[in-house]
Amino acid sequence: MKRAWSLLLTTSSVVAFTSTTYPQQHAMVDDKQLMAILREAAPAHVLEHATVMNMGADGKMHAIQQGTNGWTCMDPGGAPMCADVGAMEWVAAWQSKGPAPQKLGFIYMLKGDNGASNTDPYATGETPDNNWVKTGSHVMIVGAEAKSMMQAYPREAKADPSRPYVMWPGTPYEHLMLPTK
Ligand SMILES: [Cu+2]
């Protein structure tokens, strides 16, 4: 996962994102560029039938493609991803600082990310003590239902992103990062 970005969700569908915490350095991309980036982040067939969100000139996220497979794809500031329904609920909980859903969620991030604090879910950049980690091609398993599974994986503050590890260990939003290369 990556930096603070926020969104509002209804029970199962994305309604709108807010732009206030959108990383400043991330240039807006047009819809065609976004699709090219997302093609590197998830399997083609997942993306083809997914809801795709992009940020408009109004600073809000809009669906540029309506999906039918329950997946949502987007690029919140250098972290292109496709997330299933459970994962989108988890993202909403993280953003609203609510309890993680008692569910499992799955996220493709096959293009990798620009880095994140491994200990502060709300960090917006690297600091000397926030255990910044940059992970290459990976997938993520999220949601409170994955808690017991995560006990079997490294959960140090300083992560080694070349192997599976727990990101944000000890927080309600700890999740499993699984490199795919
Ligand atoms: Cu990730």
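The values are calculated or read from the model by the stated rules, or taken from the named source; none is laboratory data. Not measured: the values here are computed from a predicted model. Ideal geometry is used to build each Cβ from the backbone, glycine not excepted, and the neighbour counts take in all protein chains shown.
Scan (1) more than 16 Å from the ligand (Cβ to nearest atom); (2) at pLDDT 80 or above; (3) more than 23 Å from Glu174 (Cα to Cα) for the single condition Thr20 breaks and write down its number.
(2)
Taking the stretch 96-138 on its own, how many of its residues are within 11 Å of the ligand (Cβ to nearest atom), over 16 Å from Gly77 (Cβ atoms) and surrounded by fewer than 17 Cβ atoms within 10 Å (Cβ to Cβ)?
Within the stretch 96-138, residues that are within 11 Å of the ligand (Cβ to nearest atom), over 16 Å from Gly77 (Cβ atoms) and surrounded by fewer than 17 Cβ atoms within 10 Å (Cβ to Cβ) number 2.
Quickly run through the stretch 65-92 and pick out the residues that are more than 29 Å from Lys32 (Cβ to Cβ) and away from the ligand (no atom under 16 Å from the Cβ).
Correct list: Glu89 only.
Which ones in the stretch 124-144 are at pLDDT below 95 and small (Gly, Ala, Ser)?
Gly125, the sole residue that qualifies.
Residues being in contact with a Lys or Arg (Cβ under 7 Å, 6 or more places away or on another chain), surrounded by 22 or more Cβ atoms within 10 Å (Cβ to Cβ) and among the small types (Gly, Ala, Ser): count how many of those fall in the stretch 45-85.
Residues in the stretch 45-85 being in contact with a Lys or Arg (Cβ under 7 Å, 6 or more places away or on another chain), surrounded by 22 or more Cβ atoms within 10 Å (Cβ to Cβ) and among the small types (Gly, Ala, Ser): 1 in total.
Are any of the residues in the stretch 148-171 within 15 Å of the ligand (Cβ to nearest atom), among the aliphatic types (A, V, I, L, M), surrounded by fewer than 20 Cβ atoms within 10 Å (Cβ to Cβ) and under 30 Å from Lys32 (Cβ atoms)?
Taking every residue of the stretch 148-171 in turn, none turns out to be within 15 Å of the ligand (Cβ to nearest atom), among the aliphatic types (A, V, I, L, M), surrounded by fewer than 20 Cβ atoms within 10 Å (Cβ to Cβ) and under 30 Å from Lys32 (Cβ atoms).
Can you pull out every residue in the stretch 63-82 that is in a loop (DSSP other than H, G, I, E, B) and free of Cβ contacts under 8 Å to residues at least 40 places away in the same chain?
Hits for the stretch 63-82 are Gln66, Gly67, Thr68, Asn69, Gly70, Trp71.
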